[in-house]
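Quick notes on the structure that follows.
The values are calculated or read from the model by the stated rules, or taken from the named source; none is laboratory data. Small disclaimer: the values here were computed from a predicted structure and weren't measured. Reconstructed Cβ throughout: ideal geometry from the backbone, glycine too, with neighbour counts over all protein chains shown.
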Amino acid sequence: MSSVRLVIPESCCEGKFLVSHGVQRVDTLNGVVCSATTFMPRRWERGSPRHIVLADIPHISSEYRAGTDIAVFRLPQHLIQACEEIGYSRMRTIQDLDVQRAANTRGHKHLVAQFRSYLIGELGMSNNDLLDLEITFGEPGLASVSSDETDGSYVGLHIDDWDQLPVPNRDQSRVLFCANLGSEPRYFMYMDLTINAMATRLSGSRGGNYAHLHPDAILTGYLEDFPDEPVFAFKMEPHDVYIAPIQNVVHEGSTMQTSSPDVQIMFLGYPI
């Protein structure tokens, strides 16, 4: 089976990790009724990922498998400075952030352009099909941040489907670059098996071939059959970055234990 590894500098490891006692199905999330079958981690405790690779510069490490692994690192100083200059981390409400963005549209667009140049010029991501998902502002204190655009319900642990590739080829999908531009840490949660590995294990437990199913069906079946499988979470400090294969790995974000708005910039692009 294909394990998902966290590739991270040793300097970013101390006190950063949580491990769940399996998963549980939930009917409400963040006070909103779930409109579909929804799973979340069950009870967190301090711990470490099962599969971790220490690398000073994760995204160029020879160990890093871009379509399978998750890379975590710090923004370069010139981008940290650019983020500080625009001032989003100093805003204390989403309304303040909206006002700040409206008052400095040119600066906002310039910051996004600087990030795009960094992804192409320094990270080597392809300009073709590099999708700008913009700078987003989100509520603090949420167990799960991703929501269904059709009804506003929160989706919990999930897998994205932007490129709609077959499950065995999900490691060829575009990956997500996400940087924390807020003033407080946020969490990225993930399970350490690819969706194809989950399908293989599910086929073994139930019989048949599950790799041809939609990832949502595989995920639901897998979490129903293996509810004790752990979820891992790492704390993203302000100006931390992750690059994650969100179309190949079950994941979710969280702003638990925060009181200031969540600010992040995201791009979807082909692996480095």
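Among residues of segment 209-226 being of a type in the set (Phe, Trp, Tyr) and assigned to a loop (DSSP other than H, G, I, E, B), the one that is modelled with the lowest pLDDT is Tyr210. For Asp69, the criteria (1) out of contact with any Lys or Arg (no Cβ under 7 Å at 6 or more places or on another chain); (2) modelled with pLDDT of 95 or more; (3) at negative phi hold in every case but one, which is (1).
The condition (being of a type in the set (Val, Ile, Thr), modelled with pLDDT of 95 or more and within 23 Å of Pro49 (Cα to Cα)) is satisfied by just one residue among Val263, Val249: Val249. Within segment 74-98, the set of residues being assigned to a helix (DSSP H, G or I), surrounded by 15 or more Cβ atoms within 10 Å (Cβ to Cβ) and charged (D, E, K, R) comprises just one member, Asp96. Take the conditions (1) farther than 24 Å from Val175 by Cβ; (2) in a loop (DSSP other than H, G, I, E, B); Tyr64 misses just one of them, which is (1). Residue check: Ser205 meets all listed conditions (1) out of contact with any Leu (no Cβ under 6 Å at 6 or more places or on another chain); (2) closer than 16 Å to Lys16 by Cβ; (3) among the small types (Gly, Ala, Ser) but one, namely (2).
Within the bounds of segment 151-159, is there any residue that is farther than 27 Å from Val33 by Cα and small (Gly, Ala, Ser)? Checked against the condition, which is being farther than 27 Å from Val33 by Cα and small (Gly, Ala, Ser), segment 151-159 yields no hits at all.
Hey, can you tell me all the residues within segment 38-73 that are more than 18 Å from the chain's Cα centre (by Cα), surrounded by 14 or more Cβ atoms within 10 Å (Cβ to Cβ) and among the hydroxyl-bearing types (Ser, Thr, Tyr)? The one that is more than 18 Å from the chain's Cα centre (by Cα), surrounded by 14 or more Cβ atoms within 10 Å (Cβ to Cβ) and among the hydroxyl-bearing types (Ser, Thr, Tyr): Ser61. Close Cβ contacts (under 7 Å, 6 or more residues apart or on different chains) running from residues in segment 146-161 that are touching a residue at least 24 places away in the same chain (Cβ under 8 Å) to residues that are part of a strand (DSSP E or B) and surrounded by fewer than 15 Cβ atoms within 10 Å (Cβ to Cβ) comprise Asp148/Ser35; Asp151/Ser35; Gly152/Val32; Ser153/Val32; Ser153/Val33; Ser153/Ser35; Tyr154/Val32. Restricting segment 19-36 to residues that are of a type in the set (S, T, N, Q) and at pLDDT 95 or above leaves a set whose member that is farthest from Leu223 (Cα to Cα) is Asn30.
Across segment 135-153, the number of residues qualifying as under 15 Å from the mean Cα position of the chain (by Cα) and either part of a strand (DSSP E or B) or acidic (Asp, Glu) (or both) comes to 4.
Residue under question is Asp98, and the condition is that it be acidic (Asp, Glu), farther than 30 Å from Asp225 by Cα, at pLDDT below 95 and more than 20 Å from the chain's Cα centre (by Cα); does it hold?
Against the criterion (acidic (Asp, Glu), farther than 30 Å from Asp225 by Cα, at pLDDT below 95 and more than 20 Å from the chain's Cα centre (by Cα)), Asp98 does not qualify.
Here Phe267 passes the criteria (1) touching a helix residue (DSSP H, G or I) at 6+ places or on another chain (Cβ under 7 Å); (2) of a type in the set (Phe, Trp, Tyr); (3) more than 16 Å from Phe177 (Cα to Cα) except the one numbered (3). If you go through segment 158-208 and keep only what is aliphatic (A, V, I, L, M), part of a strand (DSSP E or B) and closer than 17 Å to Glu224 by Cα, you end up with Met191, Leu193.
Mind checking which residues of segment 99-111 are of a type in the set (A, V, I, L, M) and surrounded by fewer than 15 Cβ atoms within 10 Å (Cβ to Cβ)?
Listed by number, the residues that qualify are Val99, Ala102, Ala103.
Among the residues of segment 39-89, the ones that are hydroxyl-bearing (Ser, Thr, Tyr), more than 21 Å from Gln264 (Cβ to Cβ) and touching a residue at least 12 places away in the same chain (Cβ under 8 Å) come to 4 in all.
Restricting segment 227-272 to residues that are in a strand (DSSP E or B) and of a type in the set (S, T, N, Q), the residue that is farthest from Asp96 (Cα to Cα) is Ser254.
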